[in-house]
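Step one of this worksheet: look at the structure below.
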Amino acid sequence: MDHNNSETKDTLVQILSPQRLRGKVAVITGGARGIGAATARVFAENGAHVVIADILNEVGTSLAESIGGRYVRCDVSKEEEVESAVKVAVEWKGRLDIMFNNAGIAGFGGSITNIKMDQMMTLLAINLHGVVHGKRGGTIICSSSSAAIMGGLASHSYTMSKEAILGLARSTACELGVHGIRVNCISPHGVPSEMLVSEFQKFLGNTELRPNEVGSIVGERGSLLRGRGGRLEDVAQAVLFLASDESGFVTGHNLVIDGGYTSAFSQMS
Ligand code: NAD
């Protein structure tokens, strides 16, 4: 193919399949599975170079290979490991444009009277410190949760960590805006990832429960959109918007992705 044809082909690809993150470099913590993995795929489809930072080496490496990205082992509760993940991106492509602080754990449920400080600190180290350590990149997106808005019985420590992330993101947005760095949060609800399925299995005492069944339960009881549960891709597309230049004037914002759950049920109380 000669030069002109190749340019024409590039232009056609761009028109037919616009790559909203073309050439941008992203680190996704917790990118090996669930919401992080779905986002890694969507980012790559949109032309981004993706570094997956996780503790699941096998699945993380295989996903990275399949999307032409990189995998780095990174426990987000350890600042130096998050720094190493950023270093991988910078050494690979010379910069970092997008930091998606997505890694998280659901944590230890139970009554407030039984809360264990060591378990709470472990959860905070991953969910909250992981986000603190990830304050890098031109656009930062942090994973909060509908739990930060509605509370929830899953885990008090989880709710606390996700509420703290909203505050941290707002104050960081104030500090970094002057440098042109945007900081936003997402708050998903009821998306059948491994984490949610295992929480539902524990909650309902049914280890046979499958992701599609969890999706149906959430669709029936936890969404205004009847029969429509949330999907990993719903969250990935919202993250894509916050990562892209199309959201260039959006910062300090919490984008709720919940099929209407939080607005519907907060009106009822
Ligand atoms: P998931 O369990 O499928 O994925 C979480 C990923 O984080 C996994 O790949 C896991 O290995 C990784 N991880 C866990 N601890 C880590 C650590 N210390 N260092 C690095 N990586 C680590 O769950 P998910 O539902 O995809 O969750 C992603 C994020 O979305 C979490 O922050 C979660 O709290 C948030 N969230 C999810 C939902 C939902 O409905 N699924 C709702 C609200 C918020």
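For the modelled label position 7 Å from the Cα of residue 95 along Cα-to-Cβ, which residues of region 153-186 have backbone nitrogen atoms closer than 16 Å?
Those under the cut-off are 179-182.
What angle do you read, to the nearest 10 degrees and between 0 and 90, between the alpha-carbon axis of helix 211-221 and the longest principal axis of the chain?
Here the helix axis deviates by roughly 60 degrees.
Over region 63-119, what is the mean sequence separation of C-alpha contacts under 8 Å (at least six apart), divided by residue count, expressed as relative contact order in percent?
This gives 17 percent for region 63-119.
In angstroms, what radius of gyration and Dmax does region 5-116 have, counting Cα atoms only?
Taking only Cα atoms of region 5-116, I get Rg and Dmax of 16.8, 69 Å.
Provide Rg over Rh for region 201-257; use the alpha carbon set for both Rg and the Kirkwood Rh (inverse mean inverse pair distance).
1.13
In whole Hz, with x marking every Gly and Pro, tabulate ³J(HN,Hα) for region 42-48 from phi via Karplus 6.51 cos²θ - 1.76 cosθ + 1.60, θ = phi - 60°.
Whole-Hz 3J(HN,Hα) from phi for region 42-48: 5, 4, 5, 4, 9, x, 8.
Give the long-range amide H neighbours of residue 70: residues separated by 5 or more places, or on another chain, with amide H under 5 Å away, using H modelled in the peptide plane at 1.01 Å from N.
Amide H to amide H, under 5 Å and 5 or more residues apart or across chains, residue 70 pairs with 50, 51, 52.
Tilt of helix 79-93 relative to the longest C-alpha principal axis of the chain, in degrees (0 to 90, nearest 10)?
Helix 79-93 sits at roughly 20 degrees to that axis.
With an 8 Å Cα cut-off and a minimum separation of 6 or more residues, compute the relative contact order for the chain in percent.
Taking the mean separation of contacting Cα pairs over the length of the chain, I get 17 percent.
Give 9/87; 135/162; 78/116; 93/135; 162/202 a once-over and call out the pairs whose C-alpha atoms are over 27 Å from each other.
Beyond 27 Å between Cα atoms: 9/87.
In degrees, nearest 10, range 0 to 90: what is the angle between the Cα axis of helix 156-176 and the longest Cα principal axis of the chain?
Rounded to the nearest ten degrees, it is 40.
Please give the direction-averaged projected area of the C-alpha convex hull for the chain, in square nanometres with one decimal.
16.5 nm²
A short reminder: the numbers here are calculations on the coordinates, not readings from a lab. These numbers were taken from a predicted model, which means no experiment stands behind them. Cβ atoms come from the backbone with ideal geometry, glycine included; neighbour counts cover every protein chain shown.
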